[in-house]
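The values are calculated or read from the model by the stated rules, or taken from the named source; none is laboratory data. This is a predicted model, so every value here is computed, not measured. Here the Cβ positions follow ideal geometry from the backbone for every residue, glycine too, while neighbour counts run over all protein chains shown. All accessible areas refer to the heavy atoms of the entire protein, side chains included, with ligands and DNA or RNA removed. Shrake-Rupley method; radii C 1.70, N 1.55, O 1.52, S 1.80 Å.
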Amino acid sequence: MALFLYLIKKILTLGPTFLGITLISFMVMHLAPGEPMSLQADFNPKMTPEMRERLRAQYGLDRPLHIQYLQWLKGLAVLDLGRSFSPDRRPVWDKIKERLPVTLLINVLAIGLILVVAVPLGVAAAVRHNSFFDQVTTVLVFIAYAAPAFWVALLLMLYLGVHLGWLPISGLHSLMGYEQMSGWEKLLDWCRHLILPVLVSALGGLAGLSRYTRSSMLEVLRQDYVTTARAKGLPERKVIYRHALRNALLPLITILGLSIPGLIGGSVIFESIFAIPGVGQLMWTSVMARDYPLLMGNLVIVSVLTLLGNQLADMGYALADPRIRTGVQVED
Amino acid sequence: MPWQTREFVQAFRLRIEGLRNRLTNNPLAVAGFLIVGLLCLVALSAPWLAPYDPQAIDTWHILESPSRAHLLGTDPLGRDCLSRLIYGARISLLVGIVAVGIATVIGTILGALAGFYGKWIDGLIMRFVDIILCFPTIFLIMAVIAFLEPSILNIMAVIGFTSWMGVARLVRAEFLSLRQRDFVLAARISGASNARIAFSHILPNAVAPILVATTLGVGGAILTESALSFLGIGVQPPTPSWGNMLTEGKDNLEIAWWLSMFPGLAILVTVLGYNLLGEGLRDALDPKIRD
């Protein structure tokens, strides 16, 4: 029951935040100096003032701002985000829809990789606090945290792709002979193309999360109940994995939720480097082309996804934390 | 009351000394301090350090690998990479420091307002922070930049305006815990105005965490700038920035490894320096770890 109420409360705060996201996206686009329309029109020598007015009317840019916002919001409710300015004039949502799965796939794989590597690494470093292993991982984590992801991507491409020729360095699948491959070969081809992007997008989060795991674990290992568990004569493995880790993992759920914006933001960089047709690359092309409906649609969709990711993390936290799950107040 | 002043100065000196001792006892923090200091020195003395003019095109020596004449090689226009790297330090540090300065001012003011007044003002500002945090920063920055000239000034402003949320949360938390203290009550009784209480009584007590956040923030801002410049929407060529130098590296990946290697290494070392210094400061200032 307590959990149910908690979740209801969480979901109720979702609405205002969602509206806030749409409002800010709208304002960013409309209050920026230089009207989106003029960017297109200024370069067209045949543009007469009348044509410009007609174009403005066509996009509804002649109406008051709040009307424009409501119109846009109404469209958003049915995923009608307008049409792209690009020559194909396709609906914005269609463009985003076909690219979303790739970006989500890579991000989910990256989160998986982060969890699988960072947590054991952090635990191992905490258990061997101040040992040689701990110091080496600390230094490595600091370096990984400071390294620009796109540079690491370049180095990996240079070494594994160009120098050794082990891995493909661009696109989602091979261009030559892809059609003739069997199903399994296609899957393998995809996997080979995904290794570098997933690795690169996981790097920053990996460093961050392993550091958090380490400090969270160190904190828990100092607690009295861990001493109690040891005093009972439990094997060290059990003390660490059964007693300490479960509590140390709790704050990590929040950290993982908070790292979602960074992960999705990273898509812009690795998708443009590895030529992966995802949402990040779409954002980049829309900025370059000043394709304003596409830009706005992208911004909103990506932020809403982030919001949902954060909510999922929150709910995961609620499910994992018995204090919230049962509603029992515990004095800290 | 001169004896009070003297006592205050003495206490202050003791604190600074204690801080310095704790910092110098931490080898990583010392390394961070040295890196940051050295970089500032390089940036300031760029015209004397750089062997060549960073913009000088030399079509006879394009894409030369590192040699004695060009220690880090030359780029596709024959410009000396070392000179461009040295001048790039100016851009990176400038953008990082100014952007974080903007973010700190905005974050401090909003955080102070929220923490000082509480109630609906707090609710409103914090809700706003939550909403902005939902935007992946780079998407938000790109959306704004699409409408602006990609000048250095705009880049600094945009990074600053999209990275103040952490500082705001931090300052708010400090204000919430400090506004109940006796010294605030004393100031209020003696007739100090709200602004005076907030900025000359409470804020100085929150300087330590702000300083840590600022130092760590510079590293983050430098990473953001380099990523934007790499994507072609940050600092524009021919002005050398480590980010846009890496774009040339990417375009010549198969033939000129040195173009990709050194600018990235420079970013790595710089960000590492700020992060080490920031973490060192945090450890030195944190009373929990101190004991």
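Taking only the stretch B:77-86 into account, find how many residues are surrounded by 22 or more Cβ atoms within 10 Å (Cβ to Cβ) and either part of a helix (DSSP H, G or I) or of a type in the set (Ser, Thr, Tyr) (or both). So the count comes out to 5. Whenever a residue of the stretch B:263-283 is under 14 Å from B:Ile210 (Cα atoms) and within 8 Å of chain A (Cβ to nearest Cβ), it has no partner that is assigned to a helix (DSSP H, G or I) and hydroxyl-bearing (Ser, Thr, Tyr) lying with C-beta atoms less than 6 angstrom away and at least six residues away or across chains.
When the test is whether a residue is touching a residue at least 12 places away in the same chain (Cβ under 8 Å), over 27 Å from the mean Cα position of the chain (by Cα) and either exposed (fewer than 15 other Cβ atoms within 10 Å of the Cβ) or under 30 Å from A:Ala313 (Cβ atoms) (or both), A:Val127 passes it. Only one of the numbered conditions (1) within 12 Å of another protein chain (Cβ to nearest Cβ); (2) out of contact with any Pro (no Cβ under 9 Å at 6 or more places or on another chain); (3) assigned to a helix (DSSP H, G or I); (4) open to solvent by 40 Å² or more (accessible area, probe 1.4 Å) is violated by B:Glu149, and that is (3).
Within the stretch B:246-259, restricting attention to residues that are within 8 Å of another protein chain (Cβ to nearest Cβ) and surrounded by 24 or more Cβ atoms within 10 Å (Cβ to Cβ), the residue that is farthest from the chain's Cα centre (by Cα) is B:Gly249. Of all residues in the stretch A:9-36, those that are surrounded by 12 or more Cβ atoms within 10 Å (Cβ to Cβ) have Cβ atoms under 6 Å from Cβ atoms of residues that are among the polar types (S, T, N, Q) and at pLDDT 85 or above, 6 or more apart or on another chain, in A:Ile21/A:Ser303. Looking at A:Gly316, A:Gly309, just one residue is among the small types (Gly, Ala, Ser), part of a helix (DSSP H, G or I) and buried (at least 21 other Cβ atoms within 10 Å of the Cβ), and that residue is A:Gly309.
The rows are residues; the columns are (1) away from every other protein chain (no Cβ under 11 Å); (2) outside any helix (DSSP H, G or I); (3) open to solvent by 60 Å² or more (accessible area, probe 1.4 Å).
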residue	(1), (2), (3)
A:Ile195	yes, no, yes
A:Ser216	yes, no, no
A:Leu234	yes, yes, no
A:Lys238	yes, no, yes
A:Ala244	yes, no, no
A:Ser272	no, no, no
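Filtering the stretch A:144-177 to residues that are touching a residue at least 60 places away in the same chain (Cβ under 8 Å) and either away from chain B (no Cβ under 11 Å) or not aromatic (Phe, Trp, Tyr) (or both) leaves A:Ala144, A:Ala149, A:Ala153, A:Leu154, A:Met157, A:Ile169, A:Ser170, A:Gly171, A:Leu172.
If A:Ile264 meets every condition in (1) part of a helix (DSSP H, G or I); (2) away from chain B (no Cβ under 11 Å) apart from one, which number is that one? So the condition that A:Ile264 fails would be (2). Those helices (runs of 4 or more DSSP H) of the stretch A:1-82 in which 3 or more residues are modelled with pLDDT under 70 and of a type outside the set (Lys, Arg) occupy A:36-41.
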